[in-house]
Each structure stands twice: as structure tokens, then as C-alpha cells.
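Below is one structure, written out as C-alpha cells; the observations come after it.
The values are calculated or read from the model by the stated rules, or taken from the named source; none is laboratory data. Treat the numbers as computed from the prediction; the structure is a model and nothing was measured. Neighbour counts are summed over all protein chains in view; Cβ atoms, including those assigned to glycine, are modelled from backbone coordinates with ideal geometry. Side chains are part of the model used for accessible areas, which takes the heavy atoms of the whole protein and leaves out ligands, DNA and RNA. Shrake-Rupley method; radii C 1.70, N 1.55, O 1.52, S 1.80 Å.
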Amino acid sequence: MPEIKSIKDIIPAGSIIPVCTIDNPDRAVPLARTLQDCSIHVIEITLRTEGAFTAAENVINECPGMHVGIGTVTSVEQLHRAKETGAKFCVSPGMTERLVNTAGQLEMPYLPGVSTVSEVMAAREMGLHYLKFFPAESAGGIRILRMFRELFPDTRFCPTGGLNETNAADYLHQDNVFCIGGSWLAPRDRIDAADWAGITRKTGQLQ
Ligand code: 3PG
């Protein structure tokens, strides 16, 4: 099995990854610049809209300091397209052996999602020790993360799903958490409305 490039080489420990769903690709660059102005240099653009790859391409071409990842990856074709687009990493809500293998072949840093003990065990068998914990809040939240720490001291997580301004810091401070993700910093409707001031305000609350 090809070795998976670790996401930890792309995303500095302690990072917060804004998970962004962008309906209008023209919004992508001003959004990325807004995040960069708030000292956030990583963005996950989800494949939940038709223009997602165009949005990612716009940011890759115009915001060189931004690490652009493609999220909601559920097929190998999407992994190939992410590679062609120049994405720095890919994220999936779940995990399949085929996706893990393809990410390895493409040398694409990859963050697949897990939510159960068995899935963490399967991921570790495939050599993965950096995983998205999704959907974090519905799958048991911080209590399950603490259990994962006892069972798998060699594995780190990026909890995503249901994080917000109230619980984000608690997640980030868990020993086995290397970064966190979520849409609360740049919600879809705020991106659509080009509400850069609102996104700056939310992001400013993190500092
Ligand atoms: C994701 O794709 O990672 C999630 O949709 C993010 O979850 P959130 O919208 O609850 O932050």
C-alpha cells in the first residue's frame, strides 16, 4: 500500500480549518483574503456546490500563501481532480480503502473521517494516524475523543461537525487534537452575502 502523506506536514498544529461551502466562485478570493487578514492560512472548500473546483482554482491562483484543501471528497475521481486543480490536501467525511490507496498513489495529503473505534482501528491498519473525527458533536464529542486517547495514544484527530464559538476552544485543547474544523467561522450564507466584516468579526473572536 502506498504511504499516505500526512496532513500534519501541511497543517500546522493548533490550526483552525474553516470548512467553506461556496455557491458563487467569485466569492472565493475575497473570502480567502479575509481569512488571511485574520491570520488563517488554510481553507477547506467543500465539494457541495457546482462551482467548488472553480472556487478552489481561483484561490490557488490568486492567494499564493493560502493552503487550499478540497473537502467532502467521496470518490477517487474527485481526488484526481483535486490533484489536477493543485489542492494541497483532501478531506473526506468517511473512509474507504480505495480512497486511502488513491490518495497514497497521488501523494495527496489526506484526512479521512472516522467516528467509531472500529474505524480508527481500520485507519491505523492502513497507516493513518491523523484523522478527521466527524461528525464530532453527534458522534460523542469530547467524551469519545478522550476515550480514543486512552485506546490509541499514537493517533491525532481533527474534530469537525457541530463546532462553534462556544465549544471550539475545548476541542482544540484536547491532547489528541491536532487541529479543528468547521463552518461556523465562514457560514455558507455569509459567504454568499459577501459579509466579509461579519466573517472577520467571528474569526477575530478566536484571537
Ligand atoms: C464538514 O464537512 O466538515 C462539516 O460540514 C462541517 O461541519 P459544521 O458545518 O457542523 O461545522
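Considering only Leu106, Leu163, Leu131, the Gaussian network model of the chain with Cα springs below 10 Å gives its largest mean-square fluctuation to Leu106.
For Thr200 and Ala13, a Förster radius of 25 Å and the Cβ-Cβ distance give a FRET efficiency of 0.55, rounded to the nearest 0.05. Apolar share of the accessible surface for the chain: 46 percent from carbon plus sulfur atoms, 1.4 Å probe. In the complete set of protein chains, residue-level accessible area for Ile10 is approximately 40 Å², probe 1.4 angstrom. Accessible surface of Ile17, taken over heavy atoms with a 1.4 Å probe and every protein chain present, rounds to 0 Å². Rg and Dmax over the alpha-carbon atoms of the stretch 55-139 stand at 13.3, 41 Å. Counted residue by residue at 0.36 nm each, then reduced by the alpha carbon distance between them, the extension gain from Arg149 to Gln36 reaches 37.5 nm.
Before anything else, pin down the relative contact order of the chain: Cα pairs under 8 Å, at least 6 apart, normalised by residue count, whole percent. Intermediate results must be reported in sequence, preceding the final value.
Numbers: 400 pairs, mean separation 49.5, N = 207.
The value is 24 percent.
For the stretch 157-205, the solvent-accessible area of protein heavy atoms averages 42 Å² per residue (probe radius 1.4 Å; ligands and nucleic acids excluded).
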